Every structure is written in structure tokens, then in C-alpha cells.
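The structure under discussion appears below in the form of C-alpha cells.
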Ligand code: HEM
């Protein structure tokens with residue numbers, strides 16, 4: 001079991017446990033700033049004739065500045081990625097290899113059970129361990145996405161050098177790859193990630209993990225029951241009994257107005273996406 005630093009003890013029972021350590025918080029922050037700014041500036045390049053582009057280019061005081069910000073943020077994103085890889089390697093050397101993030105057969109079973117639960121075919125929610133199949137999927141999407149968007153972006157940044165090693169059609173293809181991967185990234189973050197860590201009624205308006213690195217025991221018991229049970233056993237071995245967490249989840253957890261508003265917003269977004277993209281498939 002990972003080292004669990006605890007805080008905010010009620011008697012001897014922890015209220016919060018550490019989920020992100022300081023390195024993980026810095027990595028998340030660097031990634032958030034760089035990828036956020038890359039999207040903000042990148043889509044102004046992609047949709048250069050739109051009102052959005054006119055607004056964003058105006059904000060930066062001209063296209064050249066905007067493009068330079070895109071390139072600077074690209075470097076920051078690569079630094080964040082390298083920081084994470086070094087962190088993994090050091091962790092492996094000094095703390096041993098953790099396989100908690102590696103997908104396994106249980107994730108497949110959890111995904112199927114989650115689908116059954118969401119379709120109303122089962123009343124049981126999947127019981128996640130430290131990372132759910134969705135969190136693992138998102139992590140590897142980033143792990144895969146950075147080289148894809150980084151290599152394609154670097155090819156476009158240095159076309160003269162790229163042209164020495166690859167034919168023109170590959171460079172053209174890199175532009176399509178860069179552009180489409182950026183779109184996938186936008187949808188994954190805006191629709192998926194933002195829901196799980198902000199709009200999800202259990203954590204609305206935000207999960208505190210990325211800010212203070214902590215998760216409450218109540219939230220852990222709800223979202224990561226297998227990890228929670230392991231923690232309970234660890235404390236029991238030290239002679240400390242953790243019963244049901246005495247504190248509640250977020251105050252919006254059962255808010256029907258919030259759920260209905262979000263459901264309508266998501267239906268509108270999906271309706272709009274289908275309306276825009278489906279006809280293009282047959283064009
Ligand atoms: C190492 C990382 C990156 C580098 C080196 C990079 C570099 C570039 C360059 C040089 C261009 C101009 C392409 C051209 O000449 O048309 C560009 C365009 C663009 N970038 Fe990036 N970029 C990076 C990461 C990202 C990320 C993470 C996103 C968004 C998630 C993004 C979104 C875009 C978009 C949407 C465009 C416009 C593509 C188009 O014209 O269709 N970029 N990038």
C-alpha cells in the first residue's frame with residue numbers, strides 16, 4: 001500500500017488523506033496551464049477567420065505574439081511531460097515500481113459493470129481501487145497524446161529540418177494529425193475531464209485534489225471503495241478503528257437543480273455535435 005499521509009484527524013481517525021503529492025500537483029498545474037493556453041491559442045490559428053480568432057488575436061496584440069505564446073507553451077508542455085517521466089523513473093528507483101495505473105482485467109469488468117449501472121440494468125456501481133478505468137484511460141490518453149501532438153507540432157515548427165527527413169505529404173499529414181489531435185484533446189478535457197473533477201455533483205464546483213492534494217475519506221469511500229477498505233485494514237492493524245466516515249460528501253451531491261441543469265447542458269452540447277458532425281460524414 002502506498003504511503004498515506006493523513007491530516008485533519010478527528011480523535012485518531014483521519015478526515016483527509018493525501019492523493020496527489022507536491023510533485024504530482026506541480027505536474028498537473030504545469031500541464032493545465034500549458035495545454036489550456038495551447039488550446040486557447042491553437043484554435044485561433046485553426047479557425048483563423050472566426051470571430052473567436054479575431055478576439056483572441058486582439059487579446060495578444062497580433063498574430064505573431066499569439067503564435068509565439070503557442071510555441072512557448074509547447075515548450076512548457078514538453079517540460080511538464082519530461083518532469084513526469086523523470087518523476088516516474090525516480091519513483092521506480094527509490095520506491096519501487098507501482099502498477100496502480102496499469103490497466104488490467106478488472107478495469108474491463110468495471111467498465112462493463114459501469115455501463116450496466118448507467119443503463120439501469122444493475123443497481124451496483126463498480127467498486128474502484130485507487131484509479132478507476134476512466135482515470136487510467138485519461139492518463140494514457142495524455143501519455144499518448146503528448147508525443148503525437150508534440151512530434152506533429154515540432155514538424156510544423158521546423159519544416160525545413162523536417163523536409164530533410166520526410167516527404168512533403170508526411171508534413172502535410174502532420175498538420176492534419178496536429179489539428180485533429182487538438183480537437184480530440186478539447187473534447188476529452190471539456191466534456192470528460194471537466195465533468196469528473198468539476199461538474200460531477202459529488203465534487204462540484206471542484207475536487208480539491210489538484211489544489212491541496214487531499215481527498216476526504218467520505219469521497220474515497222464513495223469513489224474508491226477498494227482503496228478505502230485497504231486503508232481501514234491498515235489502520236485496524238495499528239489499532240485505530242475507522243468506521244463509516246462521519247462527515248458528508250459535497251453539499252451539491254444530491255442537488256437535483258444542478259443535475260437537471262447539467263443534463264440539459266450536456267444534451268444540448270451532444271445535440272449540437274451530432275448536428276454539426278454527422279452530416280459531414282455523408283458529405
Ligand atoms: C509540443 C507541442 C506543440 C507544438 C510544438 C506546436 C506547434 C504548432 C505549430 C508550429 C502550429 C502551426 C502549424 C501551421 O503552420 O499551420 C500549430 C498549430 C496548432 N496547434 Fe499546436 N503545437 C503544440 C501543441 C499543441 C496542443 C497541445 C494543442 C491543443 C490541444 C495545439 C493546438 C493547435 C491547433 C488547433 C493548431 C492549428 C492547426 C491548424 O491550422 O489546423 N497545439 N501548433
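For the pair residue 183 and residue 59, a Förster radius of 25 Å applied to the C-beta separation gives a FRET efficiency near 0.70, rounded to the nearest 0.05.
Using per-residue counts of other Cβ atoms within 10 Å, averaged over each peptide, order 140-150, 94-104 from highest down.
So the order, starting with the most tightly packed, is 140-150, 94-104.
The relative contact order of the chain comes to 21 percent, based on Cα pairs under 8 Å that sit 6 or more residues apart. For the chain, modelled as a GNM whose springs connect Cα atoms under 10 angstrom apart, the maximal fluctuation among 233, 93, 241 occurs at 93.
In degrees, nearest 10, range 0 to 90: what is the angle between the Cα axis of helix 63-95 and the longest Cα principal axis of the chain? Roughly 40 degrees between the two axes. Secondary-structure-derived ellipticity at 222 nm for the chain, considering helices only, amounts to -22000 deg cm²/dmol, per-run term -39500 (n - 2.57) for DSSP H runs with n ≥ 4.
In the chain, the longest principal axis of the Cα atoms and the axis of helix 105-118 are about 90 degrees apart.
Can you give me the C-alpha center-to-center distance between region 208-259 and region 148-182, rounded to a whole angstrom? The distance from the Cα centre of region 208-259 to that of region 148-182 comes to 45 Å.
Full extension of the chain between residue 268 and residue 71 yields a length gain of 67.5 nm, computed as 0.36 nm times the residue separation minus the alpha carbon distance. Which residue fluctuates most in the GNM of the chain (Cα springs below 10 Å): 251, 230, 123? Looking only at 251, 230, 123, the biggest GNM fluctuation is shown by 123. Tell me, rounded to the nearest percent, the portion of alpha carbon pairs in the chain spaced more than 30 Å apart. Of the Cα pairs, 43 percent sit more than 30 Å apart. For region 180-283, the convex hull spanned by the alpha carbon atoms encloses 134 Å³ per residue.
The label-point distance for residue 230 and residue 165, in a model that sets each label 7 Å from Cα toward Cβ, rounds to 4.0 nm.
Taken together, the values in this text are just the output of simple stated rules run on the coordinates, not laboratory data. Owing to the predicted nature of the structure, the values given are computational and were not obtained by experimental measurement. When we count neighbours, we look across all protein chains shown, and the Cβ atoms used for this are built from the backbone with ideal geometry, even at glycine.
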